[in-house]
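**Student:** Have a look at this one.
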Amino acid sequence: MDSCIFCSIIKKEIYAEILFEDDEIISILDINPMNYGHALIIPKEHSDDFLSTSSHLIPNLFLSAQKVAKALKSSLNPDGINLVANNGVYAGQSVFHTHIHVIPRYRDDGFQFKLDLKTYNDSDFLHFADKIRKQLS
Ligand code: AMP
Ligand code: ZN
């Protein structure tokens with residue numbers, strides 16, 4: 001894919017701090033971290049987002065995320081770790097090449113998900129579950 005920043009990193013055309021790579025996956029430090037050590041797990045084969053990623057890459061994508069999360073834990077000793085995948089502009093995606101964020105978190109780091117949580121009424125609970133289940137069967 002032309003003009004994809006992560007494809008350019010994968011091809012070593014532009015600089016990145018590579019944490020590890022294998023035939024399918026590269027992991028780099030995010031250039032604008034939420035906390036230092038914030039890493040990205042990126043399949044080398046271009047896909048725009050998680051939904052369009054080849055299913056054969058998914059096991060290694062998540063194994064790599066776990067590998068990096070364990071390395072963050074043992075190297076930086078964060079209090080917690082977030083795994084995040086933004087899919088689509090309205091979900092906050094800015095680079096349209098699949099990636100998972102692995103973010104070290106600290107007790108007092110000040111980041112908060114400001115959530116306005118909804119509740120289901122009884123019929124909606126069933127309705128939404130049914131709607132989704134139909135697409136899974
Ligand atoms: P998202 O907003 O979920 O698409 O995340 C894209 C991430 O890529 C952001 O956190 C950026 O800081 C990061 N990013 C963009 N360009 C680079 C780059 N050249 N090297 C490392 N990380 C980058
Ligand atoms: Zn790409």
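The values are calculated or read from the model by the stated rules, or taken from the named source; none is laboratory data. Only a predicted model underlies this, so the values are computations on that prediction, with no experimental measurement involved. Reconstructed Cβ throughout: ideal geometry from the backbone, glycine too, with neighbour counts over all protein chains shown. Calculation scope for accessible area: heavy atoms of the full protein, side chains included, ligands and nucleic acids excluded. Shrake-Rupley method; radii C 1.70, N 1.55, O 1.52, S 1.80 Å.
**Student:** Among (1) closer than 16 Å to residue 103 by Cα; (2) open to solvent by 10 Å² or more (accessible area, probe 1.4 Å); (3) of a type in the set (Gly, Ala, Ser), where does residue 3 come up short?
**Tutor:** So the condition that residue 3 fails would be (1).
**Student:** Same structure, new question: Which of the numbered conditions does residue 75 fail, given that it passes all the others? Conditions: (1) within 27 Å of residue 15 (Cβ to Cβ); (2) within 14 Å of ligand 1 (Cβ to nearest atom).
**Tutor:** (2)
**Student:** Would you please list the contacts, defined by Cβ atoms under 9 Å and residues six or more apart or on different chains, that run from a residue in the range 115-137 that is open to solvent by 100 Å² or more (accessible area, probe 1.4 Å) to a residue that is not aliphatic (A, V, I, L, M)?
**Tutor:** Filtered contacts from the range 115-137: 120/127; 120/128; 126/120.
**Student:** I'm checking my understanding of the structure. Among residues of the range 1-32 that are touching a residue at least 60 places away in the same chain (Cβ under 8 Å) and part of a loop (DSSP other than H, G, I, E, B), which one is farthest from residue 56 (Cα to Cα)?
**Tutor:** 30
**Student:** Quick check on my filter: what residues within the range 8-18 are away from ligand 1 (no atom under 11 Å from the Cβ) and surrounded by 11 or more Cβ atoms within 10 Å (Cβ to Cβ)?
**Tutor:** 10, the sole residue that qualifies.
**Student:** What's the total number of residues in the range 33-60 that are away from ligand 1 (no atom under 11 Å from the Cβ) and either open to solvent by 30 Å² or more (accessible area, probe 1.4 Å) or in a helix (DSSP H, G or I) (or both)?
**Tutor:** Final tally of qualifying residues: 13.
**Student:** Condition (residue is away from ligand 2 (no atom under 16 Å from the Cβ), at pLDDT 95 or above, of a type in the set (Lys, Arg) and out of contact with any Phe, Trp or Tyr (no Cβ under 7 Å at 6 or more places or on another chain)) applied to the range 36-50: is it met by at least one residue?
**Tutor:** Pass one, the range 36-50, residues away from ligand 2 (no atom under 16 Å from the Cβ): 36-39.
Within this subset, residues satisfying the condition of being at pLDDT 95 or above are 36-39.
Checking which are of a type in the set (Lys, Arg) leaves us with none.
No, the conditions are met nowhere in the range 36-50.
**Student:** Could I ask something else about it? Are any residues in the range 61-79 over 18 Å from the mean Cα position of the chain (by Cα), loosely packed, with under 13 Cβ neighbours inside 10 Å and assigned to a helix (DSSP H, G or I), and if so, which ones?
**Tutor:** Selection gives 74, 75.
**Student:** Only one of these conditions is not met by residue 29: (1) in contact with a Gly (Cβ under 8 Å, 6 or more places away or on another chain); (2) loosely packed, with under 14 Cβ neighbours inside 10 Å. Which number is it?
**Tutor:** It fails just one condition, (2).
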